[in-house]
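One structure is given here, and the rest of the page talks about it.
The values are calculated or read from the model by the stated rules, or taken from the named source; none is laboratory data. Bear in mind that the values here come from a model prediction, so they are computed numbers and not experimental data. Glycine gets a Cβ as well: all are built from the backbone with ideal geometry, and neighbour counts include every protein chain shown. Ligands, DNA and RNA are excluded from the accessible area calculation, which covers all protein heavy atoms including side chains. Shrake-Rupley method; radii C 1.70, N 1.55, O 1.52, S 1.80 Å.
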Amino acid sequence: MNGTPRALNRVLLALLGLLFLGSGALLIALATVPAVGRWWQDRAKPATAEFAGLAARTILPGRSNSWIWIVVSLALVLLIIAMVAWVANQGKGRTDILADEYGDEDDDGAAGRVVISGAVAEQALKSALSERTDLLAATVATYALRGQPALRVRVLPRQGVSPHKLAAEVSALVQALDVVTGLRTPVLLSIGSGARTRFTKAERVG
């Protein structure tokens, strides 16, 4: 529901994973296979000498350093900017406004602007869900979906709780909220599971 670039994230993670996997395999091979070590030395010495010659040929006039290091520094700065932009794009889509409408004199009330904060719905649903003993955790957040506000409700039920029954009961809470606010807000309900669900014992009422 949020604006996180999931496809880009997966591609970047795959590339980084392949890079680290290849580097690790090369290091292991260098340490354990003599033939690979000799191959690396045969390739590394000419490459090092060629780079040293290139650095010597690209020394700036009146300077002792090559302009290659300036290019490398600029590339690192661009990489840092790209990483900051990538981090800033994570989790976009959150909003703090559930409704922002204008009323006119034809309505029952006076003309004016009506703004309902997303915290109203979030706190109301969280309060109702926190009273349930069949849930380990519940989170509610407001997102902008295609320009319209929507709610994302994520619940973590205890082991053995019926997902269908839980979904129906949470939907009833959302419908009650719609009646209170006078809105019909789209809701994404996510029912999670995990180790916390499997290893947490259900409470018994004697």
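The set of residues from the range 11-24 being open to solvent by 60 Å² or more (accessible area, probe 1.4 Å) and at pLDDT 85 or above comprises Val11, Leu13, Leu15, Leu16, Leu18, Leu19, Phe20, Leu21. For the range 138-190, a tally of residues being open to solvent by 40 Å² or more (accessible area, probe 1.4 Å) and not in a loop (DSSP other than H, G, I, E, B) returns 21. Among the residues in the range 127-137, are any part of a strand (DSSP E or B), surrounded by 14 or more Cβ atoms within 10 Å (Cβ to Cβ) and not polar (S, T, N, Q)? Yes, there is a match, as at least one residue in the range 127-137 is part of a strand (DSSP E or B), surrounded by 14 or more Cβ atoms within 10 Å (Cβ to Cβ) and not polar (S, T, N, Q).
Against the conditions (1) open to solvent by 50 Å² or more (accessible area, probe 1.4 Å); (2) of a type outside the set (A, V, I, L, M); (3) farther than 30 Å from Ala144 by Cα, Trp86 satisfies every one except (3). For the range 147-181, a residue qualifies if it is among the hydrophobic types (A, V, I, L, M, F, W, C) and in contact with a helix residue (DSSP H, G or I) (Cβ under 8 Å, 6 or more places away or on another chain), and the qualifying residues are Leu151, Val153, Val155, Leu156, Val170, Leu173, Val174, Leu177, Val180.
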